[in-house]
Amino acid sequence: MQDELTAVFQSIIQSGRYILGPEVDAFESECAAYLGVRHAIGVSSGTDALLAALMALGVGAGDEVVCPAYTFFATAGAVHRIGARPVFADVLPGSFNLDPASLARALTARTRAVIAVHLFGGCAPMDELLAVAGGRGVPVIEDAAQAFGAERAGRRAGAIGLMGCFSFFPTKNLGGFGDGGLVTTDDGELAARVRALRAHGARRKHHHTRVGGNFRLDALQAALLRRKLPRLGALLDRRREHAAQYAALLGGAGLPLSLPDTGAAGHSVNQYVIRLDDASLRDPLRSSLAERGIGTEVYYPAPLHLQPCFASLGPPAGALPVAESAARETLALPIFPELTREEIARVVRAITAFLV
Ligand SMILES: *Cc1c(COP(=O)(O)O)cnc(C)c1O
């Protein structure tokens, strides 16, 4: 897309409009149509999408927000930054998504919201989560940062809970050329609040009814992402093909590891994360692959309730066993649309050589 994107870049440079404006408006409408929501609001990052969503819901000091212990830091960091308390729940062993039973145990009279993360691009069990939270009148925010284009039961991620939050960090499914994010909702009043909050809480310029922040999306990011959006379906198909190839090559080999269930309908395969039967082999395997020029990543080496900044909140080590063992056993293999079949075969040969 080099030529097309370079032309877009030049037109934005010449336009003199660099923040919000017509490119952002058009991108928001196109995202809303693609995702199947009434409102989409472009913001400065996935982290700021979470902040703005929580602020729009009026969550603050004294409130609790339940989120999974096994996710990217931003999910809980946003809760802490608005003055609320993140309450950590455990995840399901297969998908690593929020466990509805653990959510039920984490709810208290102070719970004001639940954040369900669609980890690695597979949708959390939203029906069950909505039933558990909804039974207590608690709204569910989807952290869909890793799941742009993922689907569950015919609805796209970000269109299932009360609000959805997306990131356009370059490695996400719809990756930008810098930071960017999006908030989605069908609720007109919440959408209006997020629009105001992203501009310091002003619904009219210089007229501040609430305190927001600078959460605005750049015109350049919107303009470039608009050109990528029509190709997203093809890019997701490539990710799914790569996952199927990994599954075919690694699955039959009798290796001491388990594979992710990326074949589930609607999985958007933002990451392909294997799990080692023997956790002590994870880091040596990673080093061995690195020596052969194969980059891997550990998402995430510590669950959030054991991060130094949150450890005082609890629960203690041992309380969320699925999240804790996932942090020890998982390894993310290379996955991105441009990966080739030969490269995948090379990764699999290197894993097999180490483990057999
Ligand atoms: C990437 C990510 C975010 C944060 O998005 P940024 O755009 O990097 O701020 C939040 N939650 C999850 C689950 C993510 O993967």
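Can you find even one residue in region 239-246 that is within 23 Å of residue 1 (Cβ to Cβ), open to solvent by less than 40 Å² (accessible area, probe 1.4 Å) and assigned to a loop (DSSP other than H, G, I, E, B)? Among the residues of region 239-246, not one is within 23 Å of residue 1 (Cβ to Cβ), open to solvent by less than 40 Å² (accessible area, probe 1.4 Å) and assigned to a loop (DSSP other than H, G, I, E, B), which makes the answer no.
Listed here are the residues, each with its yes/no results for (1) in contact (Cβ under 8 Å) with a residue 40 or more places away in the chain; (2) away from the ligand (no atom under 16 Å from the Cβ).
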site: 88; (1), (2): yes, no
site: 93; (1), (2): yes, yes
site: 105; (1), (2): no, yes
site: 110; (1), (2): yes, yes
site: 122; (1), (2): yes, no
site: 125; (1), (2): no, yes
site: 128; (1), (2): no, yes
site: 132; (1), (2): no, yes
site: 136; (1), (2): no, yes
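Set side by side, the residues 247, 222, 253 differ, and just one is touching a strand residue (DSSP E or B) at 6+ places or on another chain (Cβ under 8 Å) and either small (Gly, Ala, Ser) or assigned by TED's automatic domain parsing to the domain that holds residue 178 (or both), which is 222. Can you confirm whether region 148-158 contains a residue that is assigned to a loop (DSSP other than H, G, I, E, B), over 24 Å from residue 333 (Cβ atoms), open to solvent by 10 Å² or more (accessible area, probe 1.4 Å) and within 15 Å of the ligand (Cβ to nearest atom)? For region 148-158, residues assigned to a loop (DSSP other than H, G, I, E, B), over 24 Å from residue 333 (Cβ atoms), open to solvent by 10 Å² or more (accessible area, probe 1.4 Å) and within 15 Å of the ligand (Cβ to nearest atom): absent.
The condition of being under 30 Å from residue 14 (Cα atoms), among the charged types (D, E, K, R), open to solvent by 30 Å² or more (accessible area, probe 1.4 Å) and in contact with a Lys or Arg (Cβ under 6 Å, 6 or more places away or on another chain) holds for only one of 204, 216, that being 216. Tallying residues that are more than 14 Å from residue 349 (Cα to Cα), of a type in the set (Asp, Glu) and surrounded by fewer than 14 Cβ atoms within 10 Å (Cβ to Cβ) within region 247-299 yields 3. Of the residues in region 42-59, not one is under 15 Å from residue 158 (Cα atoms), open to solvent by 30 Å² or more (accessible area, probe 1.4 Å) and assigned to a strand (DSSP E or B). Residue count for region 62-79, restricted to those that are touching an Asp or Glu at 6+ places or on another chain (Cβ under 9 Å) and part of a helix (DSSP H, G or I): 4. A residue that is open to solvent by 30 Å² or more (accessible area, probe 1.4 Å), touching a helix residue (DSSP H, G or I) at 6+ places or on another chain (Cβ under 8 Å), more than 16 Å from the ligand (Cβ to nearest atom) and at pLDDT 95 or above occurs nowhere in region 70-83.
Looking at the structure I just gave you, is residue 203 at pLDDT below 95 and part of a loop (DSSP other than H, G, I, E, B)? So residue 203 does not fit the description; no. Kindly evaluate residue 353 against the criterion of being part of a loop (DSSP other than H, G, I, E, B) and either at negative phi or of a type in the set (A, V, I, L, M, F, W, C) (or both). Spelling it out, it is not the case that residue 353 is part of a loop (DSSP other than H, G, I, E, B) and either at negative phi or of a type in the set (A, V, I, L, M, F, W, C) (or both).
Matching residues to (1) away from the ligand (no atom under 16 Å from the Cβ); (2) in contact with a helix residue (DSSP H, G or I) (Cβ under 7 Å, 6 or more places away or on another chain):
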site	(1), (2)
267	no, yes
286	yes, no
293	yes, no
307	no, no
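The values are calculated or read from the model by the stated rules, or taken from the named source; none is laboratory data. Computed from a prediction, not measured in an experiment: that's the story for all the values here. Using ideal geometry, Cβ is built from the backbone for each residue, glycine included, and neighbour counts are taken over all protein chains shown. In case anyone asks, the SASA skips ligands and DNA or RNA and just uses the protein heavy atoms, side chains included. Shrake-Rupley method; radii C 1.70, N 1.55, O 1.52, S 1.80 Å.
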